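First up is the structure itself, then whatever we jot down about it.
Throughout, read-outs are computed from the coordinates displayed, never taken from laboratory work. Here the structure is a predicted model, which is why all the values come from computation and not from measurement. Virtual Cβ from ideal backbone geometry, glycine too; neighbours counted across all protein chains shown.
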Amino acid sequence: MRILLKLSGEALAGDKKTGFDEETVRRVALQVKTLVDDGVQVGIVIGGGNFWRGRSSEAIDRVKADQIGMLATIMNCIYVSEIFRSVGMMTNILTPFECGSFTKLFSKDRASKYFEKGMVVFFAGGTGHPYFSTDTGVVLRAIEVEADYILLAKAIDGVYDSDPARNPDAKRYDTISIDDVIAQNLQVVDMTASILARDNRVPMRVFALQEENSIVNAAEGNFNGTTVTVD
């Protein structure tokens with residue numbers, strides 16, 4: 001089984017909201033190690049929001065802002081990769097553009113080779129192009145490496161019909177189709193990523209990262225969250 005895990009940058013920062021919270025990252029690492037030890041092949045995409053929210057700046061060109069965001073995701077992957085190694089996993093970081101000796105250039109063959117060696121593969125740098133989010137990046141990589149599904153670790157415990165922070169009567173879905181996600185504009189991932197997932201039949205599981213053993217439970221399908229189907 002091969003999965004892609006999407007982590008938000010903010011989740012890595014814990015209560016600090018910026019930078020890293022090492023204990024939070026270590027808890028993620030230990031859960032991923034449980035999966036790897038069970039033979040699951042794990043790829044990871046991390047957002048850059050703990051360092052950079054370029055779209056909120058009106059003073060910087062959008063292309064340049066997105067490039068800074070790509071670099072933020074690389075910093076995140078280097079850090080998290082090292083924490084993973086400290087608990088006994090092998091890792092490698094792939095980017096869609098040359099990044100000196102920090103990373104390796106992405107190719108499907110290279111990623112597959114690393115998976116087969118039992119490595120956790122970090123896909124950093126987004127798609128390598130501006131105007132595409134890490135949501136699109138994780139769906140694109142999932143398609144390219146033929147992942148069985150995507151795990152979306154969020155601050156919220158699933159997909160709701162409205163914002164539960166604003167509507168106390170918001171209903172959480174246990175299961176919802178990607179067609180309904182798109183039709184209702186529920187923003188599980190952004191619209192580009194949603195359409196890409198629909199057209200290439202990539203299922204997703206959405207859950208709250210902070211719940212105990214959440215990643216392992218989501219990978220095993222016995223979790224408190226929402227399954228986004230593509231049937």
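Tabulated data for the structure shown
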item	result
Summed side-chain charge close to Ile46 - residues other than Ile46 whose Cβ falls under 14 Å, Lys, Arg +1, Asp, Glu -1	-1
Convex hull per residue volume in Å³, alpha carbons only, for the chain	126 Å³
Proximal charge balance of Glu98 [Cβ under 14 Å; K/R count +1, D/E count -1]	+2
Cα-projected label distance for Glu146 with Asp61, points at 7 Å along beta-carbon direction, nm	4.1 nm
Percentage relative contact order, the chain, counting C-alpha pairs under 8 Å, at least six apart	20 percent
Proximal lysine pairs, the chain, alpha carbons under 15 Å, eight or more residues apart or interchain	5
Full-stretch length increase - Asp169, Asp38 - with 0.36 nm per residue and alpha-carbon distance subtracted	43.2 nm
Long-range HN-HN contacts of Lys154 with modeled amide H, under 5 Å	Phe207, Ala208, Leu209
Gain upon complete extension [Glu116, Ser162; 0.36 nm per residue less C-alpha separation]	12.5 nm
Environment charge at Phe20 (Cβ cut-off 14 Å; Lys +1, Arg +1, Asp -1, Glu -1)	-2
Ile182 paired with Asn213, simple spin-label distance in nm, labels 7 Å along Cα-to-beta-carbon	3.7 nm
Global form of the range 149-196, assessed from the alpha-carbon gyration tensor, a/c cut-off 1.5	prolate
Normalised contact order of the range 152-198, rounded percent, pairs of Cα under 8 Å and 6 or more residues apart	29 percent
Contact order normalised by residue count of the range 12-77, Cα under 8 Å, 6+ apart, percent	27 percent
Extended-chain gain in nm, criterion 0.36 nm per residue less alpha-carbon gap, Lys16 and Asn224	72.3 nm
Rough spin-label spacing in nm, given labels placed 7 Å along Cα→Cβ, for Ala155 and Ser107	4.0 nm
